1. For the chain, what does -39500 (n - 2.57) per DSSP helix run (n ≥ 4), summed and divided by total residues, give at 222 nm, in deg cm²/dmol to the nearest 500?
2. Expressed as a rounded percentage, what relative contact order does the stretch 1-109 have, with Cα pairs under 8 Å and six or more residues apart?
3. Tilt of helix 143-170 relative to the longest C-alpha principal axis of the chain, in degrees (0 to 90, nearest 10)?
4. Between 0 and 90 degrees, rounded to the nearest ten: what's the tilt of helix 112-134 against the longest Cα principal axis of the chain?
5. How large is the Kirkwood hydrodynamic radius of the chain, in angstrom, based on all distinct alpha carbon pairs?
6. State, to one decimal in nm, how far the label point of D6 lies from the label point of D138, with both points 7 Å from Cα in the Cβ direction.
Amino acid sequence: MNLQSDDFELFGVPQRFAQDRAALDARWKELQREAHPDKFAAQGAAAQRVAMQWSVRINEAYQRLKDPMRRAAYLCELHGAPIQAEDNTAMPAAFLMQQMEWRESLEEAQSAAELDALDDGVQQAQSEALALCGQLIDQQRDYAAAAKQVRALMFIARFADDIERRRDQLGQ
């Protein structure tokens, strides 16, 4: 294992958006077994520290690879299209209008049924955005356009969290 490897290399999977979650899970367990600090107890504290670094590195890679949005962002970064979510919040007008409509619906929602309907629409938008990310990355290799989709996905994910907070406020 090489600490300088990218996450895909580390896990021995192709550098693409589409991934087999079960294969990622199995590889994570395998890598964790190989790098577990207890395996290096007889070799001393230094070897255990290195094993701990490996364990942390493996966990960080796993967290990125298993989450489709984080995986898409990572692929964009690897291919020279940084997400820059803090600096670049420009979105298409249609997307911004959708966000405004969702916000109004969220503020007006008074029942679980209204929140469920809003949540269904948000989940549908998220699924469509993830599918488009996959197409942009794996088929078109358009990482700049994929980075824009990732930024949109970040907005959608934050809004989904807002729905849950509203659900908690309403006690539902």
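1. Result for the chain: -23500 deg cm²/dmol, rounded to the nearest 500.
2. Working: 62 pairs, mean separation 25.5, N = 109.
After rounding, I find 23 percent.
3. The helix 143-170 is inclined about 70 degrees to the chain.
4. The answer is roughly 50 degrees.
5. Hydrodynamic radius (Kirkwood, Cα pairs) of the chain is 18.3 Å.
6. According to this spin-label approximation, the distance is 1.6 nm.
Each reported figure results from applying straightforward, stated rules to the coordinates on display, with no laboratory input. Because the structure is predicted, anything quoted here is derived from the model rather than measured. Heads up, the Cβs are rebuilt from the backbone with ideal geometry, glycines too, and the neighbour counts pull from every protein chain shown.
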